[in-house]
Amino acid sequence: MHLLEHQVSAYIKQHQLITSGDKLLVACSGGVDSMALLSFLYKFQHYFKIKLFVAHVDHMLRGEASEGDRNFVEQICAKWEIPVFSCAIPIAEYLEKEGGNSQAICRRERYRFFEKIMTEQKIDKLVTAHHADDQLESMLMAITKASSLNGLKGIVPKRPFLNYFVIRPFLAVTKSEIGEYLHTEGQTYREDASNEKDTYTRNRFRHHVVPLLKRENPSISHHVVQLADQIAEDDRYLMQLAETRFSTIFKEMRENCYKVVISDFQREPLALQRRFILILLKYLYHDSKMIQSYALCTSILKLFDTSVGSSSVNLPEDYIARQQYGEIVFEKNQQPRQLTKQKLALNEWNSVGELRVYIGALTQCEDSLLAMYQPYYFTASAIQFPLFVRIREDGDRIALSGMQQKKKVARIFIDGKIPLVKRAHWPLLVDANNELLAVMAVRVNNQFSDVRLAAHDSVLLVAHI
């Protein structure tokens, strides 16, 4: 058995890439890497007990040359009796219509085709020919971009792809080892002239940076594969710890709204703190680029530096992170409900912004309501009806029990830790003479009591919607 075959077989076993009975779709361009991969899998298909299929995509960017690649792959598959699915995609037309990055569009359309074939043929896994040198290039590019730790995990041996998986059994071997293996097997392949151009970032690393590193250490690609595996294993363990701790640190208040106490967060190790943010972003977003954004994670982490004062960070898709009173709330940045002056009906529930308010005679209030909500008792004859709810006005003060001077509502908001963004629309209860009776759900004036006295004949109840 050839050395490459030993290495690849061991790597497949180590990462459990192939299971007996798997139906594999091999992405084959006709180049040296994918032809070596196809040759290896064809040779060992009975050993692994697998069924092979091949997919080839002509991007129609190199005229007759790319057409020749397609014919070459189809002829090899016919010779080896492997079902082959090929297509031509006019990438140039997509570029003219959309603009953007040609490689990104090529990849998108290629994977759409792969998905179609895998669904129709009930195929289990897509196999690509990424190798150790690709891994080295990817990690170098990630470092250059100041990427997150996730980028340093590089190309993973196995990853989910919609309802399927993508596997990369050649990550254990280098480009030169692949070329030598294909030569030994007596197989031919097609050259892609575009690989020689420095137009793409990866090609510049491949042609100019990687050769320098290999002169320093010829085994660097193998070492980087081992390093990527170690990073991935450590990250997987730490992420499991973070997921276990997340629900105890972050409280879900409602759908897509989470609250965290800053001091609780700060007590956790920094390695878990970063992962908490990644987990949170997964809950809020579905865009993988958004979730892995280093700048976004860093800006959120800065909010946890102090629990003093208040600050906020505007997040993508109209989310906001608000830090205030030792807590941070992550939620949609919705405009508060506009509250107009509203007359309250008696002996029934009134909807007031995010609150429900009940004011009525004690004789008509069920005991179950008094047990469920905090009741405030008062004497109806001491209040000027009708009662209204309105928002704060300049100079608003409230007469509190035990205080000689009325207290500013602004101070009540501060003491009650009412978020700054909600204060301008917070409901206040007033009588017919505009006398302030209550800052709803926060404080009541001295005409109300949480203890029922003989003279009390009415009740105030407040509940959150």
Subset of the range 342-368 (residues that are more than 11 Å from Leu460 (Cα to Cα), of a type in the set (A, V, I, L, M, F, W, C) and surrounded by 15 or more Cβ atoms within 10 Å (Cβ to Cβ)): Leu344, Val352, Leu355
Can you list the strands (runs of 3 or more DSSP E) lying wholly within the range 247-334 that have 1 or more residues being of a type in the set (S, T, N, Q) and outside the structural domain of Gly151 (by TED's automatic domain parsing)? 310-315, 319-324
Of all residues in the range 417-433, count the ones that are within 20 Å of Gln447 (Cα to Cα) and not charged (D, E, K, R). 6
Starting from the range 34-48, keep only residues that are closer than 15 Å to Gln187 by Cβ and assigned by TED's automatic domain parsing to the domain that holds His131, then list their pairs with residues that are buried (at least 19 other Cβ atoms within 10 Å of the Cβ) and not aliphatic (A, V, I, L, M) whose Cβ atoms are within a distance under 6 Å, requiring at least 6 positions of separation or different chains. Ser34/Cys28; Met35/Tyr189; Ala36/Tyr181; Leu37/Phe170; Leu38/Cys28
From (1) crowded, with 16+ Cβ neighbours inside 10 Å; (2) not in a helix (DSSP H, G or I), pick out the condition that doesn't hold for Met35. (2)
When every residue in the range 37-74 that is among the aliphatic types (A, V, I, L, M) and more than 36 Å from the chain's Cα centre (by Cα) is compared, the one modelled with the highest pLDDT is Val73
Phe72 passes all but one of the listed conditions (1) surrounded by 15 or more Cβ atoms within 10 Å (Cβ to Cβ); (2) without any contact (Cβ under 8 Å) to a residue 40 or more places away in the chain; (3) among the hydrophobic types (A, V, I, L, M, F, W, C); the exception is number (2)
Counting only residues that are without any contact (Cβ under 8 Å) to a residue 24 or more places away in the chain, small (Gly, Ala, Ser) and not in a helix (DSSP H, G or I), how many does the range 88-104 have? 2
Residues that are buried (at least 17 other Cβ atoms within 10 Å of the Cβ), touching a strand residue (DSSP E or B) at 6+ places or on another chain (Cβ under 9 Å), within 22 Å of Ala361 (Cα to Cα) and free of Cβ contacts under 8 Å to residues at least 40 places away in the same chain: does the range 429-437 have at least one? no
I'm trying to understand the selection: among the residues of the range 124-141, which are under 21 Å from Leu24 (Cβ atoms) and surrounded by fewer than 20 Cβ atoms within 10 Å (Cβ to Cβ)? Asp124
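The values are calculated or read from the model by the stated rules, or taken from the named source; none is laboratory data. Predicted, not measured: the structure shown is a model, and the values here were computed from it. All Cβ positions, even for glycine, are placed from backbone atoms using ideal geometry, and neighbour counts span all protein chains on display.
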